[in-house]
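**Student:** Pasting a structure below so you can have a look.
The values are calculated or read from the model by the stated rules, or taken from the named source; none is laboratory data. This is a predicted model, so every value here is computed, not measured. Quick reminder, even Gly has a Cβ in these numbers, built from the backbone with ideal geometry, and neighbours come from all protein chains shown. Areas reflect the complete protein model, heavy atoms only, side chains present, ligands, DNA and RNA absent. Shrake-Rupley method; radii C 1.70, N 1.55, O 1.52, S 1.80 Å.
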Amino acid sequence: MKKGLFILFLLASTVYSQSKITGVITEKLDGVDEPVPFVNILVKETNKGTSTDFDGNFNVFVSPGNYTLEITF
């Protein structure tokens, strides 16, 4: 039982040591910002990435630091 609790603690401490990059990708159509789904976001320094949801939202978990995002559609 103690072994399982220790592994759970390691997982929890790993999650808390990360930062979240979050954002929304929009396009202005007829003066209105519209969300853009399925845009690819890559964090170049880590090779981690994600894509936007139907509302243009995205989240990427990384270690604290400065990063360059490459956004493609």
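**Student:** For a quick check of your reading of the model, give me the residue pairs whose first member lies in the stretch 61-73 and is within 19 Å of Phe38 (Cα to Cα), whose second is at pLDDT below 90 and outside any strand (DSSP E or B), with beta-carbon atoms closer than 6 Å and at least 6 apart or on different chains.
**Tutor:** Within 6 Å, the pairs are Phe61/Gln18.
**Student:** Please go through the stretch 32-56 and give me each residue that is open to solvent by less than 60 Å² (accessible area, probe 1.4 Å) and of a type outside the set (A, V, I, L, M), ordered by number.
**Tutor:** Result: Pro35, Pro37, Thr46, Gly49, Thr50, Ser51, Thr52, Gly56.
**Student:** Can I ask one more? Return yes when Asn66 is out of contact with any Gly (no Cβ under 7 Å at 6 or more places or on another chain), outside any loop (DSSP other than H, G, I, E, B) and open to solvent by 70 Å² or more (accessible area, probe 1.4 Å) and no when it is not.
**Tutor:** No, not satisfied.
**Student:** Same structure, new question: Which pairs do you get when a residue that is without any contact (Cβ under 8 Å) to a residue 60 or more places away in the chain and over 15 Å from Thr22 (Cα atoms), found in the stretch 32-51, comes within reach of a residue that is assigned to a strand (DSSP E or B) and β-branched (Val, Ile, Thr), reach meaning Cβ atoms under 6 angstrom, with the pair 6+ apart or on two chains?
**Tutor:** Filtered contacts from the stretch 32-51: Asp33/Thr26; Thr46/Val62.
**Student:** Among what's in the stretch 1-60 and is among the small types (Gly, Ala, Ser) and outside any loop (DSSP other than H, G, I, E, B), pick the residue that is modelled with the lowest pLDDT.
**Tutor:** Across the stretch 1-60, the extreme among qualifying residues is Gly4.
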